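The values are calculated or read from the model by the stated rules, or taken from the named source; none is laboratory data. The model shown is predicted, which means the values in this text are computed figures rather than measured ones. We place every Cβ from the backbone using ideal geometry, glycine too, and count neighbours over all the protein chains shown. Only protein heavy atoms, including side chains, enter the accessible area calculation; ligands, DNA and RNA are left aside. Shrake-Rupley method; radii C 1.70, N 1.55, O 1.52, S 1.80 Å.
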Amino acid sequence: MTIMRSMELPVAGEGDGRSRRAVVLIHGIGEQRPTGTLRGFVDGLGVQPAWSKPDRVSDNLELRRMAVYQPGELPTDLYELYWAHHAPESSPVQVLAWMGRLLSRGRRWKGSPVAPLLAVVSLVAGLALIVAIAIAVVTTWQHGFRAWLTTPPFWVSLAVAMIQPLTRRVLTRRIADAERYLTPDPANIKARNAIRAEGVELLRRLHQAGLYDQLVVVGHSLGSVIGYDILRLYWDEARHPTFEKVGPAPEAERFAIDFGNPLGLHRGEVEIFQHVQHRLWREQRARGVPWLVTDFVTLGSPLAHGSLILDTPDASLTRRQDDLEFPTCPPMPSLNPAEVDDDREAAFYRTILRRGTQEREVLVGNHGALFGPTRWTNLYFPVRHVLGGDLVAGPLAGVFGTGIRDVAVHHSGRIRPWWRRFSPVRAHVSYWAPLDRPIRTRAGTVEAVPALRRVIGLG
């Protein structure tokens, strides 16, 4: 019976005529193994049975895709955008210098839930430096320079030197991923371009495969920044309607009028806004716009500290959002640089398509209108008692637009081994940890795994 049933199931990706959904998972920092994150994701969400199938979309021969069939849900193929092999090592000095630059941006940390922790770290570091200098001066003055070799500071230095091999790997192969990708210095451009080019090509091939009707992009940690980048880059390629399907676009017209302010939505209006977004997506598809992405899902996203990680000496995050380089949700209207009074054109503008002697007027989303037809949902563990929760993440609505649905989550699963309870990154890696005991209710948050399953359409 089992063999016959499996034989009756369609082979994922070969086109059985049914509507299908694709999910692209983008991993975070660290020396990830190809398909390892994807397997853990599927197992943690409990979406079984899941079949491991050849990945006929990516050029990376190490990768697989997971085909999932859930009762009452669209057949879903899950892919992984694997990028760790593009991330070169950085020296400990480079990484520590980058971390130092982040810590020195005191004003940008203001209001962050981790600001109290950073204040404590800065205070302790400052006091430690003062004490070390005082000990060195007093020891040298009383006993001479040779005494320095037999006093505690020397042995402290020796201990640090012994610990360095252990910390070096964390700095150069884990935190270095963030430093390389988030810093647009000349030495990092090649790796940044390689990661983005592979991501954009994956989106392009999924759109052109002719197998999928919907596409969901899920980014964890640094993967959420990469997902944001590849979506904004590919949107400009896939935002135009076709001449043959041009017609009335009432949803786009209403959207341009009703949602022209990225900061204009109240928290209670976000769910309604996402329904409007999905109607707009369906209308865009009916008008021949090839864009398949219905949802962007961020987990533990450092974009919560957007101005901290995306500001550059030549342009702030706010300016780049005004210039539509970084799309907001709802979309930012186009700024006319020729107007001195900050005059703006709606995110969906009228233009003319021509074919021979024929002309048709259409509404087209500007190159920053990505989050017109695409919903953005952000899951995060709120910071509690300074060290509790996900210190990397946080709500995004105040940074990238009030149309983002921020969902505060908790996890009721067991923590194994026990010592991970005290790890400051425990929550950050628990968004799809197996839920191996009954759900516990907590005020102000929802259970992470069921929330993640619902938002990506897997029950």
- Item | Hits in region 222-241 - residues which are assigned to a loop (DSSP other than H, G, I, E, B) and in contact with a helix residue (DSSP H, G or I) (Cβ under 7 Å, 6 or more places away or on another chain) | Ala238
- How many residues of region 309-342 are among the aliphatic types (A, V, I, L, M) and either closer than 26 Å to Val392 by Cβ or at pLDDT 90 or above (or both)? The answer is 6
- Note on the structure: For region 201-213, pairs from a residue that is over 14 Å from Leu78 (Cβ atoms) to a residue that is part of a loop (DSSP other than H, G, I, E, B) and β-branched (Val, Ile, Thr), with Cβ under 8 Å and 6 or more apart or across chains, are Arg205/Val57; Ala209/Val57
- Message: Take the residues in region 32-70 that are charged (D, E, K, R) and within 21 Å of Gly210 (Cα to Cα); name whichever of them is least open to solvent (accessible area, probe 1.4 Å).
- Response: Arg65
- Query: When you go through (1) under 23 Å from Gly227 (Cβ atoms); (2) of a type in the set (A, V, I, L, M, F, W, C); (3) modelled with pLDDT under 90 one by one for Phe296, which number turns out not to apply?
  - Reply: (3)
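Residues are listed down the side, and each one gets a yes or a no for (1) touching a residue at least 40 places away in the same chain (Cβ under 8 Å); (2) assigned to a loop (DSSP other than H, G, I, E, B):
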{"residue": "Arg254", "(1), (2)": "no, no"}
{"residue": "Arg279", "(1), (2)": "no, no"}
{"residue": "Pro290", "(1), (2)": "yes, yes"}
{"residue": "Asp295", "(1), (2)": "yes, no"}
{"residue": "His305", "(1), (2)": "yes, no"}
{"residue": "Glu325", "(1), (2)": "yes, yes"}
{"residue": "Thr328", "(1), (2)": "yes, yes"}
- Of (1) open to solvent by 20 Å² or more (accessible area, probe 1.4 Å); (2) at pLDDT 85 or above, Val386 fails just (2)
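Conditions (1) closer than 22 Å to Leu215 by Cβ; (2) small (Gly, Ala, Ser); (3) out of contact with any strand residue (DSSP E or B) (no Cβ under 9 Å at 6 or more places or on another chain); (4) surrounded by 14 or more Cβ atoms within 10 Å (Cβ to Cβ), marked per residue:
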{"site": "Asp236", "(1), (2), (3), (4)": "yes, no, yes, yes"}
{"site": "Gly247", "(1), (2), (3), (4)": "no, yes, no, no"}
{"site": "Glu251", "(1), (2), (3), (4)": "yes, no, yes, yes"}
{"site": "Phe255", "(1), (2), (3), (4)": "yes, no, no, yes"}
{"site": "Leu265", "(1), (2), (3), (4)": "no, no, yes, yes"}
{"site": "Phe273", "(1), (2), (3), (4)": "yes, no, no, yes"}
{"site": "Gln277", "(1), (2), (3), (4)": "yes, no, no, yes"}
{"site": "Asp295", "(1), (2), (3), (4)": "yes, no, no, yes"}
{"site": "Phe326", "(1), (2), (3), (4)": "yes, no, yes, yes"}
- Task: Tell me, please, whether a residue that is closer than 20 Å to Pro290 by Cα, modelled with pLDDT of 90 or more and within 21 Å of the chain's Cα centre (by Cα) can be found in region 343-365.
- Result: no
- Note on the structure: Filtering region 197-213 down to residues that are open to solvent by 40 Å² or more (accessible area, probe 1.4 Å) and assigned to a helix (DSSP H, G or I) yields Ala197, Glu198, Glu201, Arg204, Arg205, Gln208
- Note on the structure: Per the filter on region 257-277, residues of a type in the set (Gly, Ala, Ser) and in a helix (DSSP H, G or I) are Gly268
- Note on the structure: Residue hits (region 309-323; surrounded by fewer than 19 Cβ atoms within 10 Å (Cβ to Cβ) and assigned to a helix (DSSP H, G or I)) are Thr318, Arg319, Arg320
